[in-house]
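Please read the structure below before turning to the comments.
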Amino acid sequence: MEINEESNLVYKKESGHMKKTYPCVEVDLAKLTHNVKTILAMCNEKHIDVSMVTKVFCAQRPIVEAILQAGIKSVADSRVLNLKEIYDLDCTKIMLRIPMGSEVHNVVQYSDLSFNSELATITKLGLAAKDLNKTHNIVLMVDLGDLREGVLIPDVIKTVEKIIEIDNVNLIGLGTNLSCYGGVIPDKANLGKLIELKLDVEKTFGLTLSVISGGNSSSLYMVMNNTMPKEINQLRIGESIVLGRESAYGRPVPNCYEDAFILKGEIIEIKSKPTLPRGIIGMDAFGNKPNFKDKGIRKRAIIAVGRQDIRLEGLIPIDKNISTFGASSDHLIIDATDCEKELIVGDIVDFKIDYGCLLAAMTSPYVEKYYHHLKNPC
């Protein structure tokens, strides 16, 4: 067992004498690094740098070390505490979420670059950088319609005018985020606006902006179908690498694995029961009034994991004969009636998981993490 003293995260290495604990997420580092190399090659061919988003697995060190060995040179995270944990690793570190004013010293100390949209915060970053005898690089985020972070298009020029007056801050590019909040799909039209703004800024102020960050995994489909504007030279990729699919339409990325992360849970009860509760139905533990469909008597298995650890809607049983009835905070109830294997108490059930479910499971301290580096994954 290896313990990171600063973060209280426990990394366990499986061995012949160590009993695995559940629930857990098993990470196949060979499949993950294969995805890294595949997507890097795809993007680098079009002169696009890839910054891997590490927040979904909390920048846990075994994974970060594996992706760096696979060729990633830049990582991005929305939590400065995660960046602090990997401060000594040789890579460019990006603060992905707009910094809070209360954390600017840590942002400057533990990241090489941050994404920003508020002049007040950029001013504080400059003061923090001066205190630390540094110059801090920033990318100005532009809102192209998704309505999450970013200055509005008409405000870009006047915002840049003020940024370049701030000491110890270096504006190196423009960026945007699409699809995460409003679901707006990246395309030639909205990314074209970002490119136009880049040219306007360079002409107006005599600057050279080296970074044009064109979004996240939802932008990867444009690389896949050769529609990405050639001026876009950076993407922040998380979901596409860890789950092997682009996130605009949910399509698989060619030659990538979708099962590098597997959730495993242990059965603690299995009984044949009705599917329709008896009695007056009120609110469940989460304040919702549930609806049930009467399917008769079914074999119901309870797995020791729940909504405190996972996103129920993001579970995909590997056994296609299994379906989920629902979950409370720490009980997952599945329908095991049609399983080819006769399940018993103590059996382990495997699930593929979507991005939201993976984020919850990797963040939960109650879900163990195991790392395997298998050769030649099939």
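The values are calculated or read from the model by the stated rules, or taken from the named source; none is laboratory data. Fair warning: this is a prediction, and the values are worked out from it, not measured in the lab. So basically every Cβ, Gly included, is an ideal-geometry build from the backbone, and we count neighbours across all protein chains shown. The protein model used for the area step is the full one, side chains on, heavy atoms only, and it has no ligands, DNA or RNA in it. Shrake-Rupley method; radii C 1.70, N 1.55, O 1.52, S 1.80 Å.
Of the residues in segment 143-159, how many are more than 18 Å from Ile185 (Cβ to Cβ) and either open to solvent by less than 20 Å² (accessible area, probe 1.4 Å) or touching a residue at least 60 places away in the same chain (Cβ under 8 Å) (or both)?
Residues meeting the conditions: 3.
With the condition being touching a residue at least 60 places away in the same chain (Cβ under 8 Å), under 25 Å from the mean Cα position of the chain (by Cα) and under 14 Å from Leu315 (Cβ atoms), I'd like the strands (runs of 3 or more DSSP E) fully within segment 327-377 carrying at least 3 qualifying residues.
348-353
Let me confirm something: among Glu196, Glu161, which residue is more than 18 Å from Thr227 (Cβ to Cβ) and either at pLDDT below 95 or more than 24 Å from the chain's Cα centre (by Cα) (or both)?
Glu161
Mind listing whichever residues of segment 104-130 are under 25 Å from Glu161 (Cβ atoms), under 23 Å from the mean Cα position of the chain (by Cα) and not polar (S, T, N, Q)?
If the condition is that a residue be under 25 Å from Glu161 (Cβ atoms), under 23 Å from the mean Cα position of the chain (by Cα) and not polar (S, T, N, Q), then Val104, Val107, Val108, Asp112, Leu113, Phe115 are the ones that fit.
State all residues of segment 105-130 that are open to solvent by less than 10 Å² (accessible area, probe 1.4 Å) and among the β-branched types (Val, Ile, Thr); if no residue qualifies, say none.
Of everything in segment 105-130, those that are open to solvent by less than 10 Å² (accessible area, probe 1.4 Å) and among the β-branched types (Val, Ile, Thr) turn out to be Val107, Val108, Ile122.
Hey, among the residues in segment 131-142 that are open to solvent by 10 Å² or more (accessible area, probe 1.4 Å) and within 22 Å of Ser210 (Cβ to Cβ), which one's nearest to the chain's Cα centre (by Cα)?
Asn137
In the list Ile316, Ile353, Ile310, Ile303, which residue meets the criterion of being at pLDDT 95 or above and more than 30 Å from Ser217 (Cα to Cα)?
Ile303
Give the residues of segment 255-291 that are in a loop (DSSP other than H, G, I, E, B), farther than 30 Å from Leu32 by Cβ, open to solvent by less than 60 Å² (accessible area, probe 1.4 Å) and touching a residue at least 24 places away in the same chain (Cβ under 8 Å), sorted by residue number.
If the condition is that a residue be in a loop (DSSP other than H, G, I, E, B), farther than 30 Å from Leu32 by Cβ, open to solvent by less than 60 Å² (accessible area, probe 1.4 Å) and touching a residue at least 24 places away in the same chain (Cβ under 8 Å), then Thr275, Pro290 are the ones that fit.
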